[in-house]
Amino acid sequence: MDLQIALLLGQDGITNGAIYALLSFALVLVFAVTRVIYIPQGEFVAYGALTLASFQAGKTPGTLWLLIGAGLVVAMVDLSQALRSRTARRIPRILAWNLVYPAVAAAIVFLLKPGELPLLAQIILALVLVVPLGPMIYRLAYQPLAEASVLVLLIVSVAVHLAMTGLGLLFFGAEGSRTPAFSDASFDLGILTVSGQTAWVLGASLFLIVVLYLFFERTIYGKALRATAMNRTGARLMGISTVMAGKLSFLLAALIGTFSGVLIAPITTIYYDTGFLIGLKGFVGAIVGGLGSYPMAAAGAILVGLLEAYSSFWASAFKEVIVFTVIIPVLIWLSLTTRHVEEEE
């Protein structure tokens, strides 16, 4: 280990930590708003990367059919509920979001030939297909159990994760994919060379974090999410819909996960089940940060990235074990220092 190797490992650790930080934000957001430990967050990473790779290979991604199928199921459930409750004014919105939107997305995919589009257009189209799956999953799997205990919601998360992993294998196969780098440039910083792709990952991650900060601080929906995260009952009494807050938090989590998958697709080969391990490291970062603070979650995620990078040099065969072992002393410390609060009725 010399200075140059240490700097290279630090660069890799910070790059990976930036992705883990984004996923940690999503996990903290979803947990704060809905009390769901969102294990399937990593699947959106894989879906985003593999959808983009399918476009570049000239194939129709399976996520398009998942979007159409999920839209049909959600439309049937919501239409049935609207008719029973005699709220006909909801019907146009239900049809537009769950049926018209997937149909328009399918028309774009089949008419525009995404494989011939510029990279930016392919990325946007991948986001268009994958991100809406977040609120659809919330509607089908979590909203009916919104008042259940955290343990029940955790079991549902495990089930959703397994289902999405199986669908990923069905849609994309067992072969891995990697997309071309966004940039072939490189920057010399003394003895350290920073690749253009690394700069893209760090810059895009920072940009998304700033956008999320402005969203939570300056928009009415962001403030509604913050209020729901602080006190669900109080937010409901103030007229904030917890259903809307849940769907919006899952939408943002899907956006973060899909965007993260697009960013890392040129760096590493992505398989149908790769997202689980990446999401789990984001979860470790969130736990290290206390699962309640966005800045601490970011710091925990960067720590996980650096620990993973340096562990790969000193004990590459045990790097995953070392990373996940960090969670044990943190959980012990939290259990000893955190006052127990009874769950709300």
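Take each uninterrupted DSSP H stretch in the chain, measure its Cα extent along the helix axis, and return the ones at 27 Å or beyond whose mean Kyte-Doolittle hydropathy is at least -1.0. Each step should come with its number before you reach the end.
Details: long enough: 3-34 (45 Å, 1.64); 62-85 (35 Å, 1.30); 150-172 (32 Å, 2.51); 196-218 (32 Å, 1.40); 242-264 (33 Å, 1.79); 294-314 (30 Å, 1.09).
What comes out of the filter, once short or polar helices are dropped, is 3-34, 62-85, 150-172, 196-218, 242-264, 294-314.
Can you work out the accessible area per residue across segment 65-151, with the rest of the protein chains kept in place, probe 1.4 Å, in square angstrom?
Values: 4690 Å² over 87 residues.
About 54 Å² of surface per residue is accessible.
If you average 1/r across every pair of different Cα atoms in segment 1-112 and take the reciprocal, what Kirkwood value do you get, in Å? Don't skip to the answer; put the middle values down first.
Working: mean 1/r = 0.0565 Å⁻¹.
The answer is 17.7 Å.
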For the chain, the accessible surface attributable to carbon and sulfur atoms (probe 1.4 angstrom, ligands and nucleic acids excluded) amounts in percent to 70
With segment 127-231 reduced to its Cα atoms and the Debye formula applied, log10 I(q)/I(0) at q = 0.11, 0.14, 0.25 1/Å amounts to -0.66, -0.96, -1.26
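Stretch Leu331-Ser316 to full length: gain in nm at 0.36 nm per residue minus the Cα-Cα span? Working shown, then result.
On the way: separation 15, 0.36 × 15 = 5.40 nm, distance 2.48 nm.
Full extension of this stretch gives 2.9 nm more.
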Taking a straight Cα-to-Cα line shorter than 17 Å from Lys223, and setting aside same-chain lysines fewer than 8 residues away, one finds Lys247
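Express the Stokes-Einstein translational diffusion coefficient of segment 200-345 in µm² s⁻¹, to the nearest whole number, given a Kirkwood radius over alpha-carbon pairs, 25 °C and a viscosity of 0.890 mPa s.
Working: Rh = 17.5 Å.
It comes out at roughly 140 µm²/s.
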Rounded to 0.05, the calculated FRET efficiency for the beta carbons of Leu72 and Gln4 at R₀ = 51 Å is 0.40
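Note the full-extension length gain between Ser80 and Leu120 as 0.36 nm times their separation in residues minus their Cα-Cα distance, in nm to one decimal. Mind dumping the intermediate values first?
Numbers: separation 40, 0.36 × 40 = 14.40 nm, distance 3.88 nm.
So the extension gain works out to 10.5 nm.
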Ranking Leu72, Ala107, Gly134 by how far each Cα lies towards the positive end of the charge dipole of segment 67-171 (+1 on Lys and Arg Cβ, -1 on Asp and Glu Cβ), the top one is Leu72
Simple SL model, points at 7 angstrom along Cα→Cβ for Ile220 and Leu151; separation in nm is 4.1
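Rank-order 172-185, 30-43, 84-97 by packing density, defined as the average count of other C-beta atoms within 10 Å over each peptide's residues, highest first. Let's see the in-between values first.
Values: 172-185: 14.9, 30-43: 25.2, 84-97: 11.5.
Peptide ranking by packing, descending: 30-43, 172-185, 84-97.
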By the Kirkwood definition, with r running over pairs of different Cα atoms, segment 130-171 has a hydrodynamic radius in Å of 11.0
Taking a straight Cα-to-Cα line shorter than 22 Å from Lys319, and setting aside same-chain lysines fewer than 8 residues away, one finds Lys281
Reduced to Cα centres, the span from segment 2-61 to segment 249-298 in Å works out to 4
Burial-style ranking of 151-160, 234-243, average other-beta-carbon count within 10 Å with highest first, yields 151-160, 234-243
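Give the dimensionless ratio obtained when the Cα radius of gyration of the chain is divided by 2.2 N^0.38 Å. Intermediate results must be reported in sequence, preceding the final value.
Values: Rg = 20.5 Å, N = 345, 2.2 N^0.38 = 20.3 Å.
Scaled against compact globular proteins, the figure is 1.01.
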Mean-square fluctuation maximum in Gaussian network of the chain, Cα pairs under 10 Å, restricted to Phe313, Phe259, Phe25, hits Phe313
Taking a probe of 1.4 Å and leaving out DNA, RNA and ligands, segment 192-345 shows per residue an accessible area in Å² of 53
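The values are calculated or read from the model by the stated rules, or taken from the named source; none is laboratory data. Owing to the predicted nature of the structure, the values given are computational and were not obtained by experimental measurement. Please note: Cβ atoms are built from the backbone with ideal geometry, for glycine as well, and neighbour counts cover all protein chains shown. Only protein heavy atoms, including side chains, enter the accessible area calculation; ligands, DNA and RNA are left aside. Shrake-Rupley method; radii C 1.70, N 1.55, O 1.52, S 1.80 Å.
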